[in-house]
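Colleague: Right, I'll just put the structure down here and ask away after.
The values are calculated or read from the model by the stated rules, or taken from the named source; none is laboratory data. It should be emphasised that the depicted structure is a prediction, and the values quoted were computed from it without experimental measurement. Don't worry about glycine lacking a Cβ; one is built from the backbone with ideal geometry, like all the others, and counts go over all protein chains shown.
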C-alpha cells in the first residue's frame, strides 16, 4: 500500500481547492451575465385581457433586446394573489418575474388578509404602462353631460346607481370616490367583470360606470355608450371635448390602472438596473407606443425608486377610499 507523505496530502488538497475555485465562476450565474437562459414572466390574469396584452408586448420586446426568451405564464386566481405568491417564493435570480397591476399591490392587501406584503416581499423593477378610466353612461340615458348627471345625483329624491367589475376593484373605488367628491346619491352595483357591466349599462339598467377606453370606445362608436368625462391624469384623453375630472372639477381625481414589473425580494440591484433600463428604452419607442395606443394604453416609465414611491402613494390614496366607503372582501 502506497504511503502518502504530509507534504503530498497538502499539495493534493491544494490542487483540488484550486480546481474548484477555477470551476466555480464558470458554473455560477453572475448578474453581469443576466439573462443567460429563458425568463418566466408571471401574469395573474387570463390570457387576452388588458394586463396580459401589455405583458406580451413587453415580453416580446425584452426577448428581442436581450436575445433570451421572456415567456408569459398566466396564473390567474384570487385577484392575482396566486401569481404574487408564486413570485414571492421564487429564487431571487431574475428568472421569475411578475407583470403586476396596481390592484395586487395597492388595493387587495388592504381589503383582505393576504400571504404577502406588497413592499417587503417584492422588488419593484419598473413601471410599464397605464390606461385611464372614463365616466360613461348609456347613449339612451338622459345624461348628455357631466352636469346633467351631477344635477340628478344631487337631487335628494334621486336613486342613481353605478356599476363596477366587482367589490374592491379599481372601478368600484373610482365610483365611490366620485360619488363622495361630487356629493351625489348613487348605489354601487357589483358585477362579475366588465363585460356584464357593459351589457347592463348599455341596456340602461345602471346609470354610470368607470371603464377603460378599450372597452368604451367600440361601444361609443356603435352609438351604445356616451362618455361624460375622463379620469386620466393627462388632459385630452378620449378627445379634446372630453372633460378631465381631476383638472376641471375635482382636483386630484385620477382613476388610472397601471402595470409594472416586479421580482422576488432581494433581487440583485445589477439585474434591476439592467431590466429597468430595457423597459424604459422599449416603452419610450414610438413603434411600441403606437401598438399600445390601439388599446388606449400609454407608456408609464421611471426608476425603480419611483415605482416604489408610486406603490406607497397609491396604497395611501386607495386606503382612504376603502376606509371612507367601508369596503370589505366579499
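Colleague: Mind telling me which of the residues 215, 209 ends up being surrounded by 17 or more Cβ atoms within 10 Å (Cβ to Cβ) and at pLDDT below 95?
Modeller: Only one candidate passes the filter, namely 215.
Colleague: Find the residue count for the stretch 246-268, including only residues that are free of Cβ contacts under 8 Å to residues at least 24 places away in the same chain and not in a loop (DSSP other than H, G, I, E, B).
Modeller: 3
Colleague: Here is a follow-up. Does residue 231 fit the bill of being in contact with a strand residue (DSSP E or B) (Cβ under 9 Å, 6 or more places away or on another chain), surrounded by 15 or more Cβ atoms within 10 Å (Cβ to Cβ) and assigned by TED's automatic domain parsing to the domain that holds residue 139?
Modeller: Numbers: in contact with a strand residue (DSSP E or B) (Cβ under 9 Å, 6 or more places away or on another chain): yes; surrounded by 15 or more Cβ atoms within 10 Å (Cβ to Cβ): yes; assigned by TED's automatic domain parsing to the domain that holds residue 139: yes.
The answer is yes for residue 231.
Per-residue answers, yes or no, for (1) at pLDDT below 95; (2) at negative phi; (3) in a strand (DSSP E or B):
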site	(1), (2), (3)
166	yes, no, no
173	no, yes, no
177	no, yes, no
196	yes, yes, no
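Colleague: Restricting attention to the stretch 298-319, which residues are over 15 Å from the mean Cα position of the chain (by Cα) and surrounded by fewer than 13 Cβ atoms within 10 Å (Cβ to Cβ)?
Modeller: Of everything in the stretch 298-319, those that are over 15 Å from the mean Cα position of the chain (by Cα) and surrounded by fewer than 13 Cβ atoms within 10 Å (Cβ to Cβ) turn out to be 305, 316.
Colleague: Which one is nearest to residue 202 (Cα to Cα) among residues in the stretch 118-164 that are under 16 Å from the mean Cα position of the chain (by Cα) and in a loop (DSSP other than H, G, I, E, B)?
Modeller: Among those that are under 16 Å from the mean Cα position of the chain (by Cα) and in a loop (DSSP other than H, G, I, E, B), it is 132.
Colleague: Within the stretch 89-113, work out how many residues are at pLDDT 95 or above and surrounded by fewer than 22 Cβ atoms within 10 Å (Cβ to Cβ).
Modeller: Residues meeting the conditions: 7.
Colleague: Further question on the same structure: Evaluate the stretch 306-328: report whether one residue or more is outside any helix (DSSP H, G or I) and over 29 Å from residue 168 (Cβ atoms). Before you say what the answer is, go through the steps one by one.
Modeller: Keep residues of the stretch 306-328 that are outside any helix (DSSP H, G or I), which gives 326-328.
So of that shortlist, the ones also over 29 Å from residue 168 (Cβ atoms) come out as none.
No: the stretch 306-328 contains no residue that is outside any helix (DSSP H, G or I) and over 29 Å from residue 168 (Cβ atoms).
Colleague: Sort through 59, 83 and tell me the only one that's touching a strand residue (DSSP E or B) at 6+ places or on another chain (Cβ under 9 Å), assigned to a helix (DSSP H, G or I) and more than 23 Å from residue 192 (Cα to Cα).
Modeller: Result of the check over 59, 83: 59.
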